[in-house]
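Visitor: This is the structure I want to talk about, given as structure tokens.
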Amino acid sequence: MNLLEGIKRIQKNINEETDPSVIKDLKAVMSGMSNFYFGLNKDLARKRFEDHCKNCIFNIEEPIPDMKVKDNDIPELSGRMCGNCGCVLSYKIRQSVKKCEYWK
């Protein structure tokens, strides 16, 4: 799946969803994906990784091979996910729609 297909799929789900919490989650994923693929928020992502996610117990390996993302900017995030919420870490740290509860 390429970026455009992913964004279209998420946008369709947003339009069909009625739960505001789920809508916010979907917008966060869409924002993170866009920022990742367009190379935005690299400095913010690096800071969040170093300050919060690098040693977090929820920073785990993605068990589904097709869901693994290669992160060229922060190679340590390649193939990683958040075990707390299930997000791809490379996307999560590049968005500010729904900040992680552990980013203090």
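Visitor: Starting from 0.36 nm per residue, how many nanometres of slack lie between Asn55 and Lys8 once their C-alpha separation is accounted for?
Guide: Full-extension gain reported as 13.6 nm.
Visitor: Another one. For the chain, what is the largest minus smallest coordinate of the Cα atoms on each principal axis, given in angstrom and ordered from greatest to least?
Guide: Sorted largest first, the three principal extents are 37, 28, 26 Å.
Visitor: Only Lys, Arg, Asp and Glu count, each charged at its Cβ (+1, +1, -1, -1), so figure out the dipole size of the range 8-96 about its Cα centre, rounded to 20 debye.
Guide: The calculation lands at about 220 debye.
Visitor: Here's something else I'd like to know. Could you point to the residue in Thr18, Phe36, Cys87 farthest towards the positive end of the chain's charge dipole, with +1 and -1 charges on the Cβ of Lys/Arg and Asp/Glu respectively?
Guide: Phe36
Visitor: Which GluC sites (Glu not before Pro) in the range 1-103 pass both tests, a DSSP loop state and at most 10 other beta-carbon atoms within 10 Å?
Guide: Passing sites in the range 1-103 are Glu101.
Visitor: Specify which residue in the list Asn59, Ser96, Ser78 is farthest towards the positive end of the charge dipole of the range 14-104, using unit charges on the beta carbon of Lys, Arg (+1) and Asp, Glu (-1), about the Cα centre.
Guide: Of the candidates, Ser96 comes out farthest on the positive side.
Visitor: Sticking with this one: Where does the chain land at 222 nm, in deg cm²/dmol rounded to the nearest 500, when only DSSP H runs of n ≥ 4 count, each adding -39500 (n - 2.57), divided by all residues?
Guide: -13000 deg cm²/dmol
Visitor: Give the separation of the Cα centroids, the range 1-15 to the range 33-71, in Å.
Guide: 20
Visitor: Something else: Contour minus end-to-end for Phe38 and Ser21, with contour as 0.36 nm per residue of separation and end-to-end as the Cα-Cα distance?
Guide: Contour length minus the Cα-Cα distance gives 3.5 nm.
Visitor: Sort the following peptides by mean Cβ neighbour count (other Cβ atoms within 10 Å, averaged over residues), highest first: 18-28, 77-87.
Guide: 77-87, 18-28
Visitor: Using alpha-carbon pairs under 8 Å, 6+ residues apart, how would you state the relative contact order of the chain in percent? Mind showing how you got there, number by number?
Guide: Values: 111 pairs, mean separation 33.4, N = 104.
Here the relative contact order equals 32 percent.
Since every read-out is calculated from the coordinates, none of them should be taken as a lab result. The shown structure was predicted, so the numbers you read here are calculated from the model rather than taken from an experiment. Quick reminder, even Gly has a Cβ in these numbers, built from the backbone with ideal geometry, and neighbours come from all protein chains shown.
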